[in-house]
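J.: Shown below is the structure under consideration.
Throughout, read-outs are computed from the coordinates displayed, never taken from laboratory work. Predicted model only: the values in this text are computed from it and were never measured. Here Cβ is always computed from backbone atoms with ideal geometry, including for glycine, and neighbour counts include all displayed protein chains.
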Amino acid sequence: MKANIAEKVLADDIEKVLLSSEDIKRRVAELGRQISEDYKDKDVVLVGILRGAFVFLADLIREISIPVETDFIAISSYGSSSTTSGVVRILKDLDEDIEGRDVLIIEDILDTGLTLKYLVKNLSSRRPASLEICSFIVKECKQSVAISLKYLGYTVPNRFVVGYGLDYAQRYRNLPFVGTLKPYVYERDEI
Ligand code: 5GP
C-alpha cells in the first residue's frame, strides 16, 4: 500500500511517458539475446556506469544466457540540474583488471557523448581485448562528439527524461517507465 502511494506521487510529476515498462521489458530481452549470441565464446565483463545504469544492467543481465562478470564505475555527471556540465570525474573505479577481457560498457543514456568519450579513452588505456558500448537510450541529434554504439535500446526526442534509473535531483530513478517531467518540477526547485 505504501509503495503504491510513493509511485503515484512520483508518477504525478510526469508530463509524458516515452517508453512504457512493457516496451522496456521487450527491448531489454532482445538486447540480452543479441549480446548472448555475439559474446558466446568471449570473456565478457559488463561495466555499468553508476548511478543511472544500475536498473538497466540489473534487468539486462537476467536476459543474458552466457557467463558474464559485472563491474561498476561511478562518474560525476549532471549534479542536480538538467544541463550537462561537461566535467567528467571518476568517483569509484572498477574493482577488476580488464586487460585482455571483452568489455561491454552499459550506459543509461547518451546525450552529448562527452561522458562516454572520456570513458572509452580511459578504459582503452587498460588494454582490454575489445571495448564496446551498449546504451539504453540515445537522444536524437544531440551528440557533440561521435560515439559508436554496438547496442542501442531506444532513441528519444531531445528532452530531459527520468525513470528506469534516470534521475532528476536523485529522484525518479525507481519509476518503471521513462518520461519527461512537468515544468512545475523544475520551477519548484528554483524557489
Ligand atoms: P553526456 O555526457 O552524453 O552528455 O551525458 C551522459 C550522462 O548524463 C548520462 O549518463 C546521464 O547520467 C546524464 N544524462 C544525460 N541526459 C539525461 C537525461 O535526459 N536525463 C537524465 N536523468 N540524465 C541524463
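J.: Using a simple charge model, +1 on the beta-carbon of Lys and Arg, -1 on the beta-carbon of Asp and Glu, nothing else, what dipole does the chain show about its Cα centre, in debye to the nearest 20? If you can, show how the numbers build up before the last one.
T.: On the way: 26 positive and 30 negative charges, 69 e Å.
It works out to roughly 320 debye.
J.: Which residues' amide hydrogens lie under 5 Å from the amide hydrogen of Ile14, considering only partners 5 or more residues apart or on another chain, with H built in the peptide plane?
T.: Those qualifying (amide H under 5 Å, at least 5 residues apart or on another chain) are Lys182.
J.: Could you give each residue of the range 156-171 its phi-based ³J(HN,Hα) in whole Hz, using Karplus coefficients 6.51, -1.76, 1.60 with θ = phi - 60°, and x for Gly or Pro?
T.: The phi angles translate into 10, x, 6, 10, 6, 10, 9, x, 6, x, 8, 10, 10, 6, 6, 9 Hz.
J.: Calculate, in nm to one decimal, what Glu15 and Phe160 gain on full extension: separation in residues at 0.36 nm each, minus their alpha carbon distance. Can you show the working numbers first?
T.: Numbers: separation 145, 0.36 × 145 = 52.20 nm, distance 1.13 nm.
Gain on stretching Glu15 to Phe160: 51.1 nm.
J.: Please go through the residue pairs Lys16/Lys121; Lys25/Lys182; Lys40/Lys117; Lys25/Lys92 and name each one whose alpha carbons sit more than 32 Å apart in this structure. Spell out each step's value before the answer.
T.: Numbers: Lys16/Lys121 36 Å; Lys25/Lys182 25 Å; Lys40/Lys117 27 Å; Lys25/Lys92 29 Å.
Over 32 Å Cα-Cα: Lys16/Lys121.
J.: Between Arg171 and Ala74, what length comes free when the chain is fully extended (0.36 nm per residue of separation minus the Cα-Cα distance, one decimal in nm)?
T.: Working: separation 97, 0.36 × 97 = 34.92 nm, distance 1.76 nm.
Going from the current span to full extension adds 33.2 nm.
J.: Would you mind calculating the relative contact order of the chain from Cα pairs under 8 angstrom and at least 6 residues apart, reporting the percent as a whole number? Walk me through the numbers on the way to the answer.
T.: Values: 345 pairs, mean separation 46.4, N = 191.
Dividing the mean separation by the residue count of the chain yields 24 percent.
J.: Moving on. Mind checking the range 101-191 for GluC sites (Glu not before Pro) that DSSP puts in a loop (not H, G, I, E or B) and that have at most 15 other Cβ atoms within 10 Å?
T.: Working: sites: Glu107, Glu132, Glu140, Glu187, Glu190; in loops: Glu140.
Answer in residue order: Glu140.
J.: Just order 30-41, 51-62 by mean Cβ neighbour count inside 10 Å, highest at the front, would you? Kindly include the intermediate steps, with their values, before the conclusion.
T.: Numbers: 30-41: 15.3, 51-62: 19.5.
The most tightly packed comes first, giving 51-62, 30-41.
J.: Follow-up. What is the extension gain from Asp97 to Leu152, computed as 0.36 nm multiplied by their sequence separation minus the C-alpha to C-alpha distance, in nm to one decimal? Could you put the intermediate results ahead of the total?
T.: Details: separation 55, 0.36 × 55 = 19.80 nm, distance 2.58 nm.
Separation in residues times 0.36 nm, less the Cα-Cα distance, equals 17.2 nm.
J.: Right, next: 222 nm [θ] for the chain, helices only, -39500 (n - 2.57) per DSSP H run of 4+, per residue, to 500?
T.: Working: 5 runs with 56 residues, N = 191.
Calculated from helices alone, the mean residue ellipticity at 222 nm is -9000 deg cm²/dmol.
J.: Compute from the Cα atoms of the chain the Rg and the Dmax, the latter being the longest Cα-Cα distance, and quote both in angstrom.
T.: Reported Rg and Dmax, both Å: 16.7, 55.
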